[in-house]
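Colleague: Have a look at this one.
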Amino acid sequence: MHMSCRMPKCYQESYMYDDFISKIDIVDIISDYTGLKRQGNEYIGLCPFHNEKTPSFHVSRDKQTYYCFGCKKGGNVITFIRSKEGLDFFDSLRYLADKTGLELPEKGGQRSNKKAEIINRTIEMNTVAAQFFYQNLKAGRGKEALEYLKKRQINPSTVKRFGLGFAPDSWDLLVKYLVTKGYKENEILTAGLGLRTKKETIIDRFRNRLMFPIFDVRGNVIAFGGRVLDDQLPKYMNSPETPSYRKKDNLYALNYARKSEQNNIVIVEGYMDAISLYQAGIDNVVASLGTALTERQALLLKRYTKNVIICYDADLAGQTAALKGMDVLADKGCNVKVITIPSGKDPDDYIKSEGAGAFRK
Ligand SMILES: [Zn+2]
């Protein structure tokens, strides 16, 4: 039985919307009502609830709350919209859905609770799998993967930060491990970690690959990407769409980039581009993972910054994707700059200097 079943009905209902609310950024919403300036971990501005000349209204992006030291009003994004727009709980949700382009979960209890449970279970299993891959990388099995990372000059603390791992060269080590941890075969299939063979056995989807856990903005492991360590194809393989993962809704490394002090975000193509740049001190980098940038990714980015730098490969495919991405972002009201690393220049230095000047006020 899930915790929420024992709670009063109103809590059950708001529990249903937790996931929706967590995708909204309070700083973005409140910025439409009053100018906010970043000060340390908080955003400060003139209170939208009472008249004042000195800002005493504080918004915390980490906690997703606001508080006014003048009139003592405080709360979360829902209480803010309720009191500013004079709406009830459900109309506030609808208002926020319209404003952000996020999909509001269907009202009507059971099914959504069930869905939320499946998502949680999938994320939990992915976390167990990520630990398994990480341990394998550190153990002797991950030698080739470690050599590859060394060649790319990725240091151990970066490996740890991004949770990189190794999927062993075996048919079912992960599946067996997950079964010992209490996961059922159908759950493993649903999470995209296993494949059913013609003989009706379940084998590991990822074998002999360097593993990249894919995080959501809150840092949950929602999927994986795996890179081969030899010349096999496909070079990269991703989790399929699962209850926890919709490729079009996500940007790799945004869980870190959203915490950056920079006033812009740099979009690159692949895992390794993002990880290398992050290690070089560019902490405002995300990867679109090969896909053309989607509208939902643009809206997701816009919750954190309107200033976006696209830095794709210099080849034709990269440049075509960059131009398309520029249109999608501009359409959502972002300021976009496309940069290409000139051959012979160091990407880290180039992005640092271009990025710093790109949106200077
Ligand atoms: Zn106030």
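Colleague: Yes or no: region 163-182 includes at least one residue that is open to solvent by less than 20 Å² (accessible area, probe 1.4 Å), assigned by TED's automatic domain parsing to the domain that holds Ala287 and touching an Asp or Glu at 6+ places or on another chain (Cβ under 6 Å).
Modeller: no
Colleague: While we're looking at this one, here's another question. Among the residues of region 29-47, count how many are more than 16 Å from the ligand (Cβ to nearest atom), in contact with a helix residue (DSSP H, G or I) (Cβ under 9 Å, 6 or more places away or on another chain) and in a loop (DSSP other than H, G, I, E, B).
Modeller: So the answer is 1.
Colleague: When you check Cys68 against the structure, is it within 12 Å of the ligand (Cβ to nearest atom), at pLDDT 95 or above and touching a His at 6+ places or on another chain (Cβ under 8 Å), yes or no?
Modeller: yes
Colleague: Could you give me the residue pairs with C-beta distances under 9 Å whose first residue belongs to region 182-194 and is part of a helix (DSSP H, G or I), whose second residue is open to solvent by 40 Å² or more (accessible area, probe 1.4 Å) and not β-branched (Val, Ile, Thr) wherever it lies, and which are 6+ apart or on separate chains?
Modeller: Glu185/Arg196; Glu187/Arg121; Leu189/Leu195; Leu189/Arg196; Thr190/Arg121; Thr190/Pro243
Colleague: Kindly indicate whether any position in region 322-338 is modelled with pLDDT under 85 and either aliphatic (A, V, I, L, M) or open to solvent by less than 10 Å² (accessible area, probe 1.4 Å) (or both).
Modeller: Of the residues in region 322-338, the ones modelled with pLDDT under 85 are none.
No, there is no match, as no residue in region 322-338 is modelled with pLDDT under 85 and either aliphatic (A, V, I, L, M) or open to solvent by less than 10 Å² (accessible area, probe 1.4 Å) (or both).
Colleague: Could you list, ordered by first residue, the pairs with Cβ atoms under 8 Å in which the first is in region 48-67 and assigned to a loop (DSSP other than H, G, I, E, B) and the second is within 14 Å of the ligand (Cβ to nearest atom) and hydroxyl-bearing (Ser, Thr, Tyr), at least 6 apart or interchain?
Modeller: Correct list of pairs: Pro48/Tyr33; Pro48/Thr34; Phe49/Ser83.
Colleague: Could you pull out the residue among Leu189, Leu146 that is surrounded by 12 or more Cβ atoms within 10 Å (Cβ to Cβ) and at pLDDT below 95? Walk me through it before giving the result.
Modeller: Details: Leu189 fails: at pLDDT below 95.
The unique qualifying residue is Leu146.
Colleague: While we're on this one: Any residue at all in region 112-132 that is at pLDDT below 95 and assigned to a loop (DSSP other than H, G, I, E, B)?
Modeller: no
Colleague: Tally the residues that are within 12 Å of the ligand (Cβ to nearest atom) and open to solvent by 50 Å² or more (accessible area, probe 1.4 Å), restricting the search to region 71-83.
Modeller: So the count comes out to 3.
Colleague: Which numbered condition in (1) closer than 26 Å to Lys332 by Cα; (2) at pLDDT below 85 is the only one that Asn41 fails?
Modeller: Every listed condition holds for Asn41 apart from (1).
The values are calculated or read from the model by the stated rules, or taken from the named source; none is laboratory data. Treat the numbers as computed from the prediction; the structure is a model and nothing was measured. Methodologically, a virtual Cβ is constructed for each residue, glycine included, from the backbone with ideal geometry; neighbour enumeration extends over all protein chains shown. With ligands, DNA and RNA removed, areas are computed over all heavy atoms of the protein, side chains included. Shrake-Rupley method; radii C 1.70, N 1.55, O 1.52, S 1.80 Å.
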